[in-house]
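Written below as C-alpha cells is the structure these notes are about.
The values are calculated or read from the model by the stated rules, or taken from the named source; none is laboratory data. Everything quoted here is computed from the prediction, not taken from an experiment. A quick note on method: Cβ atoms are made from the backbone with ideal geometry, for glycine too, and the neighbour counts reach across all protein chains shown. Side chains are part of the model used for accessible areas, which takes the heavy atoms of the whole protein and leaves out ligands, DNA and RNA. Shrake-Rupley method; radii C 1.70, N 1.55, O 1.52, S 1.80 Å.
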Amino acid sequence: MTETLPPGEARLQAKAAPEGEIAAATRTLVLGPYLTRAAQRTAPGQTETVRSDEARLDEAVGLAAAIDLDVARAISVHIQRPRPSTYLGKGRVEEVAGLIKAEEIGLVVMDCALSPVQQRNLEKAWGAKVIDRTGLILEIFGRRASTREGTLQVEHAHLAYQKSRLVRSWTHLERQRGGFGFLGGPGETQIEADRRMIQERMTRIERDLEAVTRTRGLHRKSRARVPYPIVALVGYTNAGKSTLFNALTKAEVRAQDMLFATLDPTARATKLPHGETVILSDTVGFISDLPTSLIAAFRATLEDVIEADILLHVRDVSHGDTQAQAEDVEGVLRELGIEQDAERIIEVWNKADLLDEGERTRLVNLSAAHRGAGAAPILVSALTGEGLPALAERIEAQVARARSTFAVTLPPEDGAALNWLYENAEVLDRQSETGGAIALTIRIAPEKEPRFLNRFVAAQRIGGPQDRPAA
C-alpha cells in the first residue's frame, strides 16, 4: 500500500530530494583533512590506537565506492586544527580549488564532520557540491535500508541532518508567506515553514517507529515462550559478519566486499553440534566516527544486540587497522550500555585465509596466551570454513555455562515425561537400568527450570552456573 503524504510534506520531499541524490557518474574528489599525529593524540574522544591516514582515506574511498561514485582523486592533508569558516586554511582551499577545476570535479567528499557554514563556504569557494562523512553515510544508509523500520530510521536521521542545513539547501527560503486568520504582518518565512514541516514529518516517523518497536517487542515475547539463546554478530563494517552468518546458518544473506553491504538485521535459527538451537542475528556494521544521530536511529535495530545472550565480535585480522577498528566497536557497544563482559563476548578473528604464515603463527600464539583466562579469540575463515567447528563448540560451551544440569530417572512407562524432556531440555546422556528404568542427564535453560522442578521433584542437580569458580 502506497503512503499518501499531506500536500505540505509532499512539497517538502519534492524539494529535498535533489539534496540527497548523488549521481553515480559524478567525478568525485575524496579529501581527508586529518589532524597531525600530535594533534590526534590530544584530541578529545580519541581512541588509544591512532589510525593511519592511509587506512582512513582508503575507508573514505570505500564509502564513496559503496554508492558507485566515480572517484577521480583521493588525497589527504594535514591540519593542526579545523578553521571555523572553511575547516581548511585559506591556502589549502585555493590549492584544492585549482585541482577541482583541472580535474573537472563535480563532488567533493570531505572525510570529516562539517558545520552548515563550512559546507556552504567550501561550495562557494570550489564551485562544486560538498558533502561530509555524515552526509555520505546517510546516503549509503538511504540506499541500503530495505525494511520499513530501516527506511524510517534513515529518513529520520536524514531529516535531522537537513534541518540544520536548510539555509544552504534551497534558494527560495528567503521568501515569506502571508499570516493566517486575523493576524497581520509579514507572516511565516519559507525557511520557518520548511523547518516546521521537517519537524512534523520527524514526529510522524517517531510515532511509526514506536509502533514498529512495539511489534518487535511482541515478536521477542513470542520467542521468549519458546526461549532460544540469541547469538548476535557485531563488528566493524566489512569484517565479514554476513559471510560468517551465512556459513553458520546456511542462509543467503547478501555478503559483499563493500562497506555497509547489509543494513537491516537478519535472524535465523541454527543448531549447534550437540543439538542445541540458537538464534543467530546479523546486525549493521559499525564504523569509526559513526554519527551520533545514526547510533540513536538504529538503537531499535540493535535491540537484539542489547538483549543477546552471546555477542560474536567479528574482527578482520587481515586489516592493518584491526586494533583501532576493535576499539571503535567497543566504543559503540559502550554507548549501547553493553560492557565488555568476557562471559558474554566471544572475539572472532576472521579472514584467516588472507594471512601470511608468520602473521598466522603470531595470532595462534596470541590466542593461546588468552586461553587461560577463558576468553581466547577464535581464528576462523568464514570463506573457507576454517575454525568454524571450534567456534560452534565455543558458542555451545558458553550457552551451557548459564544452564543447570540434572540427573533424572524415569519409569519405563512414562513416555509423556520423556517426551517433555526431549522437547524442553538438552538430553546429554541416556542409560537403561535394571527393570527398564531410564536414567537421563539433562541440561535446561534457566527460564524452564522452575517448570522442570515442579514436574520432576526427585531430580538431582549435578551442575549449574553456581558451580563455576569466581572470576
- Is the range 323-334 home to any residue that is in contact (Cβ under 8 Å) with a residue 12 or more places away in the chain and loosely packed, with under 14 Cβ neighbours inside 10 Å? no
- Does the range 290-318 hold any residues that are closer than 18 Å to Asp328 by Cα, at pLDDT below 75 and outside any helix (DSSP H, G or I), and which are they? Leu290, Pro291, Phe298, Arg299, Leu302
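Answer with yes or no whether Ile67 is open to solvent by less than 10 Å² (accessible area, probe 1.4 Å), part of a loop (DSSP other than H, G, I, E, B) and within 19 Å of Gly285 (Cβ to Cβ).
Spelling it out, Ile67 is indeed open to solvent by less than 10 Å² (accessible area, probe 1.4 Å), part of a loop (DSSP other than H, G, I, E, B) and within 19 Å of Gly285 (Cβ to Cβ).
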- Of the conditions (1) under 20 Å from Glu343 (Cα atoms); (2) at pLDDT 85 or above; (3) out of contact with any Pro (no Cβ under 6 Å at 6 or more places or on another chain), Gly463 fails just one. Which one is it? (2)
- In the range 412-428, which residue that is open to solvent by less than 70 Å² (accessible area, probe 1.4 Å) and under 40 Å from the mean Cα position of the chain (by Cα) is nearest to Glu276 (Cα to Cα)? Glu426
- Considering every residue within the range 114-128, establish whether at least one is farther than 25 Å from Tyr236 by Cα, not hydrophobic (A, V, I, L, M, F, W, C) and not in a helix (DSSP H, G or I). yes
- Message: Restricting to the range 373-393, count the residues that are assigned to a helix (DSSP H, G or I) and open to solvent by 40 Å² or more (accessible area, probe 1.4 Å).
- Response: 4
- Message: Every residue in the range 245-289 that is polar (S, T, N, Q), surrounded by fewer than 20 Cβ atoms within 10 Å (Cβ to Cβ) and at pLDDT below 65, please.
- Response: Gln256
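In this structure, does Glu447 turn out to be under 31 Å from the mean Cα position of the chain (by Cα) and surrounded by fewer than 18 Cβ atoms within 10 Å (Cβ to Cβ)?
yes
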- By residue number, the members of the range 357-400 that are free of Cβ contacts under 8 Å to residues at least 12 places away in the same chain and of a type in the set (A, V, I, L, M) are Leu366, Ala368, Ala369, Ala376, Ala397
- Do we have any residue at all in the range 129-152 that's open to solvent by less than 60 Å² (accessible area, probe 1.4 Å), farther than 26 Å from Gly285 by Cα and either of a type in the set (A, V, I, L, M) or at pLDDT 95 or above (or both)? no
- Note on the structure: Lys351: passes all of (1) surrounded by 14 or more Cβ atoms within 10 Å (Cβ to Cβ); (2) at negative phi but (2)
- Among the residues of the range 80-107, count how many are in contact with a Phe, Trp or Tyr (Cβ under 7 Å, 6 or more places away or on another chain) and surrounded by fewer than 21 Cβ atoms within 10 Å (Cβ to Cβ). 1
